[in-house]
Amino acid sequence: MKWMADELGLLAGDSLERTLIDSTPAQGSPGYMVRGDRALLNLSSNDYLGLSGHPAIAEAMRDALTAHGAGAGASRLVTGNRPIYGQLEGALADWQSSEAALVFANGYMANVGVIGALVGRGDAVFSDRLNHASIVDGIALSRAEHARYRHNDMEHLRHLLNKHRDARRKLIVTDAVFSMDGDRAMLGELVQLKREHGAMLMVDEAHSGGVYGPNGEGLCHSLGLHDEVDVHMGTFSKSFGLYGAYVTGSKIVIRWLVNKARPFIYSTALPPAIIAGIAEALRLVRQESRRREWLAEASRLFRAALREAGFQAGAGDSPIVPVLVGGNDAALRFSSALEAEEILGVAIRPPTVPEGTARIRFSLSASHAEAELLDAVRRIARAGRMAGVLKP
Ligand code: PMP
């Protein structure tokens, strides 16, 4: 396949080729990852509450494996619907104070499935330019008109809503916390615009579920806006430390998704052991507010220390802290210098982020201690100077 080799060569020339690197959680050291023969402070995962290594989740999964076997054997609409799915969905609806819930295989499939079920040809989807790729792909597959508004630019959104006022159905969709920038959507304003224009509102709480709200319900809850959101989506792959995704909403929305969301209908149910692990993780997410509180405090102090060291650290207050460097090559150099300082800080490059905004996306976990983070910032500053992205 010469054309592939040629195109990959071009990517590599622009510092844009991706390769897989083995990473293993360091035994007995939560928040560290082994790469090669070294344990690195892991500032690049989405294990926000530090639950991925929690023994109670692993135990629930082991028990379920014994009781239910390995695979579900079919999609849920065929023979894969074990009672524990419905039980988990009941607990999820209770947690979100919503009428109903539906579990999906992962967040990517949830977004693709929900958007494809809500809109089609003749409809319009209004989507923040920085929304996650799974939302972008969901819109493309739905065949609805994709009206992309500039990041958090409500005037631009209003303009597009007016422009597409004759669309059959309208859907506004947004990340609650943006995955590569760590800042928040303007949810209050989005609710207002959705009302004014008779649109549906879908919020992706992938990076805010577990992190915000008194019981980790997410950003919409913490702002008291959850009743205004028509479809609420989140994943179990981040704060829950596991895998899978949820959608919550009214009974009619969930009934519609069971009938229309193709990734739900045409794909095998998640293995029962994953469902049992998620149920335990949900119990922990609801209960362990200490982890949530520490994570919020850690995010504050890490950002403040980075700024003190001379970096810009993004606009948000979430555990996602981007340090923009611009060029792809500079981002890779910075990442290598971080590794030399025993810090795992992965370079994020286009097309994951817009051209010219390559960055290190630091993400924190409740497993990290204050002293570790402050020491890390000293090493990050040293690495930044080594890589030429921070003035000496
Ligand atoms: N939405 C957002 C905002 C995400 O960041 C991600 C994961 N990177 C997803 C959806 C997809 O979730 P999952 O990893 O469960 O497929």
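General observations
- Condition check for I57: closer than 30 Å to E355 by Cα and of a type in the set (V, I, T): no
- Helices (runs of 4 or more DSSP H) completely within segment 1-110 that count 2 or more residues being surrounded by 12 or more Cβ atoms within 10 Å (Cβ to Cβ) and touching a helix residue (DSSP H, G or I) at 6+ places or on another chain (Cβ under 9 Å): 55-68, 83-95
- As a summary of the residue check, G31 satisfies the conditions (1) under 23 Å from the mean Cα position of the chain (by Cα); (2) in contact (Cβ under 8 Å) with a residue 12 or more places away in the chain; (3) on the phi < 0 side of the Ramachandran plot except for the one numbered (3).
- Enumeration of residues in segment 166-187 that are under 16 Å from G316 (Cβ atoms) and away from the ligand (no atom under 12 Å from the Cβ): D183, R184, M186, L187
- In segment 125-142, the residues that are touching a residue at least 12 places away in the same chain (Cβ under 8 Å) form Cβ pairs under 8 Å with partners that are assigned to a helix (DSSP H, G or I) and more than 14 Å from the ligand (Cβ to nearest atom), at six or more places apart or across chains, as follows: V125/S142; F126/L157; F126/L160; F126/L161; G138/G116; L141/G116; S142/G116; S142/L118.
- Out of A331, A305, A315, sole residue that is among the small types (G, A, S) and part of a loop (DSSP other than H, G, I, E, B): A315
- Residue in segment 228-250 that is farthest from G53 (Cα to Cα), counting only those that are among the β-branched types (V, I, T) and within 12 Å of the ligand (Cβ to nearest atom): V247
- Considering only residues in segment 157-192 that are of a type in the set (K, R) and surrounded by fewer than 16 Cβ atoms within 10 Å (Cβ to Cβ), the one that is nearest to V325 (Cα to Cα) turns out to be K163.
- Whichever residue in segment 110-144 is more than 10 Å from the ligand (Cβ to nearest atom) and among the polar types (S, T, N, Q) and, among such residues, is farthest from M202 (Cα to Cα): S142
- Taking the listed residues G277, G388, G316, the one that is touching a Gly at 6+ places or on another chain (Cβ under 6 Å) and more than 16 Å from N42 (Cα to Cα) is G316, with no other qualifying.
- For segment 229-254, the set of residues classified as in contact (Cβ under 8 Å) with a residue 60 or more places away in the chain and of a type in the set (A, V, I, L, M, F, W, C) consists of V231, M233, F240, L242, A245, V247, V253, I254, listed by residue number.
- Unmet requirement for M154, which otherwise passes all of (1) closer than 26 Å to G216 by Cα; (2) more than 16 Å from the ligand (Cβ to nearest atom); (3) of a type in the set (A, V, I, L, M): (1)
- Evaluated against (1) more than 16 Å from the ligand (Cβ to nearest atom); (2) within 27 Å of V353 (Cα to Cα); (3) among the acidic types (D, E), E99 falls short on exactly one condition, (2).
- Count of segment 343-375 residues which are surrounded by 15 or more Cβ atoms within 10 Å (Cβ to Cβ), touching a helix residue (DSSP H, G or I) at 6+ places or on another chain (Cβ under 8 Å) and in contact (Cβ under 8 Å) with a residue 60 or more places away in the chain: 14
- Tally, over segment 135-149, of residues that are of a type in the set (D, E, K, R) and part of a helix (DSSP H, G or I): 1
Read the figures in this text as sums done on the coordinates, not as results from a lab. Source: prediction; values computed, not measured. Because the Cβ atoms are built from the backbone with ideal geometry, glycine has one as well, and the counts that use them run over all protein chains shown.
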